[in-house]
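Colleague: So that we are looking at the same thing, I have put the structure below in structure tokens.
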Amino acid sequence: KAGVTQTPRYLIKTRGQQVTLSCSPISGHRSVSWYQQTPGQGLQFLFEYFSETQRNKGNFPGRFSGRQFSNSRSEMNVSTLELGDSALYLCASSSLGYEQYFGPGTRLTVT
Amino acid sequence: DAKTTQPPSMDCAEGRAANLPCNHSTISGNEYVYWYRQIHSQGPQYIIHGLKNNETNEMASLIITEDRKSSTLILPHATLRDTAVYYCIVRGLYNFNKFYFGSGTKLNVKP
């Protein structure tokens with residue numbers, strides 16, 4: 001099976017802009033979770049989608065949003081980018097009740 | 001969700017067993033212990049998980065104490081490629097895919 005894929009792998013944006021990141025889960029996996037990783041805060045949970053519905057949410061401002069499509073692919077959007085949003089954004093997929101498999105991540109740099 | 005405590009770093013000689021401890025004293029009866037590792041900003045990689053009994057797979061062994069308040073991940077013959085940050089995670093009872101990663105243990109395998 002192909003693993004979790006994330007696009008783009010690297011992205012540079014300017015403060016105030018918005019960005020959309022994409023995640024394609026492993027075939028058959030219906031749950032997609034998103035995480036943000038920064039040197040200061042470590043790996044932090046953003047949100048989880050299951051069958052096109054947000055099932056869990058972390059403690060992030062409303063500028064961070066996501067959605068999931070009927071084919072389980074997911075996107076996350078960050079609006080009005082801030083310098084502190086520079087991070088590695090990781091996506092993970094899972095079958096219900098089993099371990100999560102992570103993608104390689106998207107490295108976002110905000111200048 | 002139960003939190004975990006891990007030493008920030010450990011050293012291990014190549015070829016020797018690496019024993020990584022984790023404290024999860026507030027774990028609930030139905031919560032699983034998961035171990036992941038992350039090699040230099042790649043996506044975290046699943047290693048093993050367990051509930052009560054000791055578990056073993058091709059990568060590692062997981063020893064959980066009888067009171068379930070702590071566990072140890074054992075890499076039987078560490079190689080240089082095992083150098084990574086190892087995360088011990090307690091999987092929430094109701095938030096299955098909302099992982100709290102903590103700071104992890106940086107394992108340095110030395111020749």
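The values are calculated or read from the model by the stated rules, or taken from the named source; none is laboratory data. Everything numeric in this text was worked out from a predicted model, so none of it was measured. No Cβ is skipped: glycine too gets one built from the backbone with ideal geometry, and neighbour counts run over all protein chains shown.
One line per residue, one yes/no per condition, for (1) at pLDDT 95 or above; (2) within 26 Å of A:Gln44 (Cα to Cα):
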site: B:Leu73; (1), (2): yes, yes
site: B:Ala78; (1), (2): yes, no
site: B:Tyr87; (1), (2): yes, yes
site: B:Gly92; (1), (2): no, yes
site: B:Phe96; (1), (2): no, yes
site: B:Val109; (1), (2): yes, no
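Colleague: Taking the residues in the range B:13-47 that are on the phi > 0 side of the Ramachandran plot and within 12 Å of chain A (Cβ to nearest Cβ) as candidates, determine which candidate is surrounded by the most Cβ atoms within 10 Å (Cβ to Cβ).
Modeller: Selected residue: B:Ser41.
Colleague: Just one of the numbered conditions (1) within 30 Å of B:Tyr86 (Cβ to Cβ); (2) in contact with a strand residue (DSSP E or B) (Cβ under 8 Å, 6 or more places away or on another chain) is not true of A:Ser27; which one?
Modeller: Among (1) within 30 Å of B:Tyr86 (Cβ to Cβ); (2) in contact with a strand residue (DSSP E or B) (Cβ under 8 Å, 6 or more places away or on another chain), the lone unmet condition for A:Ser27 is (2).
Colleague: Give B:Leu107, B:Leu80 a once-over and let me know the one that is away from every other protein chain (no Cβ under 14 Å) and surrounded by 17 or more Cβ atoms within 10 Å (Cβ to Cβ).
Modeller: Being away from every other protein chain (no Cβ under 14 Å) and surrounded by 17 or more Cβ atoms within 10 Å (Cβ to Cβ) holds for just one of B:Leu107, B:Leu80, which is B:Leu107.
Colleague: Would you call B:Tyr34 within 23 Å of A:Ser33 (Cα to Cα), hydroxyl-bearing (Ser, Thr, Tyr) and not in a loop (DSSP other than H, G, I, E, B)?
Modeller: yes
Colleague: Kindly indicate which of A:Arg67, A:Arg55, A:Arg30 is modelled with pLDDT of 95 or more and either within 11 Å of the chain's Cα centre (by Cα) or of a type outside the set (Asp, Glu) (or both).
Modeller: A:Arg67
Colleague: Give the residue that is farthest from the other protein chains (Cβ to nearest Cβ), with candidates limited to residues of the range B:54-77 that are in contact (Cβ under 8 Å) with a residue 40 or more places away in the chain and part of a strand (DSSP E or B).
Modeller: B:Ser70
Colleague: Condition check: within 9 Å of chain B (Cβ to nearest Cβ) and acidic (Asp, Glu). Does A:Glu52 satisfy that?
Modeller: Considered against the rule, which asks whether it is within 9 Å of chain B (Cβ to nearest Cβ) and acidic (Asp, Glu), A:Glu52 comes out as no.
Colleague: Name, by its number, the condition in (1) within 11 Å of chain B (Cβ to nearest Cβ); (2) among the polar types (S, T, N, Q); (3) in a loop (DSSP other than H, G, I, E, B) that does not hold for A:Ser33.
Modeller: (3)
Colleague: Hey, among the residues in the range B:1-31 that are part of a loop (DSSP other than H, G, I, E, B) and modelled with pLDDT of 95 or more, which one's nearest to the chain's Cα centre (by Cα)?
Modeller: Looking at residues that are part of a loop (DSSP other than H, G, I, E, B) and modelled with pLDDT of 95 or more, I get B:Gln6.
Colleague: Taking A:Gly58 as the residue in question, decide whether it is under 14 Å from B:Gly43 (Cα atoms) and at the interface with chain B (Cβ under 10 Å from one of its Cβ atoms).
Modeller: no
Colleague: Here is a follow-up. Would you confirm whether or not the range A:82-96 contains a residue that is more than 30 Å from B:Trp35 (Cβ to Cβ), modelled with pLDDT of 95 or more and either away from chain B (no Cβ under 14 Å) or surrounded by fewer than 20 Cβ atoms within 10 Å (Cβ to Cβ) (or both)?
Modeller: Checked the range A:82-96: at least one residue is more than 30 Å from B:Trp35 (Cβ to Cβ), modelled with pLDDT of 95 or more and either away from chain B (no Cβ under 14 Å) or surrounded by fewer than 20 Cβ atoms within 10 Å (Cβ to Cβ) (or both).
Colleague: Can we say B:Tyr36 is in contact with a Ser or Thr (Cβ under 7 Å, 6 or more places away or on another chain) and aromatic (Phe, Trp, Tyr)?
Modeller: no
Colleague: Considering (1) surrounded by 18 or more Cβ atoms within 10 Å (Cβ to Cβ); (2) within 11 Å of chain B (Cβ to nearest Cβ); (3) farther than 23 Å from B:Gly104 by Cβ, say which one A:Leu46 fails and leave the rest.
Modeller: Just one mismatch for A:Leu46, condition (3).
Colleague: Then there's this: Let me spell it out: the conditions are (1) out of contact with any His (no Cβ under 6 Å at 6 or more places or on another chain); (2) within 24 Å of B:Lys3 (Cα to Cα); (3) small (Gly, Ala, Ser), and A:Gly62 meets all of them except one. Which number is the exception?
Modeller: Of the numbered conditions (1) out of contact with any His (no Cβ under 6 Å at 6 or more places or on another chain); (2) within 24 Å of B:Lys3 (Cα to Cα); (3) small (Gly, Ala, Ser), the odd one out for A:Gly62 is (2).
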